[in-house]
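The next block holds one structure in the form of structure tokens; read it before the comments.
Nothing in this text is a laboratory measurement; each read-out follows from the coordinates by a stated rule. Owing to the predicted nature of the structure, the values given are computational and were not obtained by experimental measurement. Here Cβ is always computed from backbone atoms with ideal geometry, including for glycine, and neighbour counts include all displayed protein chains.
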Amino acid sequence: MPKDVKEMTQQEIRERILLLGFGRDEKLLLAFRKRLEADLPKGTGVALRGSMVTNKRWEDGRPFDSEGPGTSDLDVTLVGNKVMEYWDPDAFYIPGLHTKPLCDEDQGIAAGLNKLRTSLQQLLGRPVNFQATANLILYARDVLFDEPYFTLIEAEAGS
């Protein structure tokens with residue numbers, strides 16, 4: 001039986017992410033990270049969330065990619081004030097702190113990031129969603145709502 005993410009080490013979580021989201025391809029994960037670092041505002045943090053981390057879909061508890069390879073999306077949380085400036089003012093759940101997701105269904109809410117998001121989808125062969133948040137909200141979602149995450153890129157202070 002797969003381990004619950006709360007019982008896993010950071011290395012075990014990373015291995016799960018590598019397996020589920022990147023097909024065990026370390027070079028693919030590195031290319032994904034490099035594109036994010038190159039195209040996001042300097043100092044933006046990146047956290048991976050959702051079923052790629054937990055191996056459990058929020059909607060129905062089914063495993064990641066239970067409907068076939070490439071069917072589950074990657075939930076990418078961007079951390080920092082600068083990156084939140086890409087979102088339309090009315091595209092926030094909590095103004096200035098937590099955005100709505102940029103996804104195929106709502107591509108216009110952060111149009112300046114959509115090209116990066118779609119290029120990552122092409123790279124990975126699966127849907128990619130972006131959401132921006134403050135570090136405090138990311139932490140609170142983990143602790144209060146049991147929504148764990150894995151930090152791929154640390155946010156710099158003041159970003």
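Please list, ordered by first then second residue, the pairs with beta carbon atoms under 8 Å, 6 or more apart or interchain, first in region 92-112 and exposed (fewer than 14 other Cβ atoms within 10 Å of the Cβ), second in a helix (DSSP H, G or I) and of a type in the set (A, V, I, L, M, F, W, C). Once the first residue is exposed (fewer than 14 other Cβ atoms within 10 Å of the Cβ) and sits in region 92-112, its partners that are in a helix (DSSP H, G or I) and of a type in the set (A, V, I, L, M, F, W, C) give 94/137; 96/84. Restricting region 116-141 to residues that are without any contact (Cβ under 8 Å) to a residue 60 or more places away in the chain and surrounded by fewer than 16 Cβ atoms within 10 Å (Cβ to Cβ), the residue that is farthest from residue 71 (Cα to Cα) is 136.
Screening region 66-84 for residues that are part of a loop (DSSP other than H, G, I, E, B) and touching a Gly at 6+ places or on another chain (Cβ under 9 Å) and picking the one that is nearest to residue 129 (Cα to Cα) gives 73. Of everything in region 6-22 that's over 14 Å from residue 152 (Cα atoms) and touching a residue at least 40 places away in the same chain (Cβ under 8 Å), which residue is surrounded by the fewest Cβ atoms within 10 Å (Cβ to Cβ)? Checking each candidate, the answer is 6. When residue 61 is tested against (1) in contact (Cβ under 8 Å) with a residue 40 or more places away in the chain; (2) more than 16 Å from the chain's Cα centre (by Cα), exactly one condition is not met: (1).
Selection of region 89-114 for residues being of a type in the set (S, T, N, Q) and in a strand (DSSP E or B) yields only 99.
Do you know which of the residues in region 64-80 that are within 14 Å of the chain's Cα centre (by Cα) and hydroxyl-bearing (Ser, Thr, Tyr) is farthest from residue 21 (Cα to Cα)? Across region 64-80, the extreme among qualifying residues is 77.
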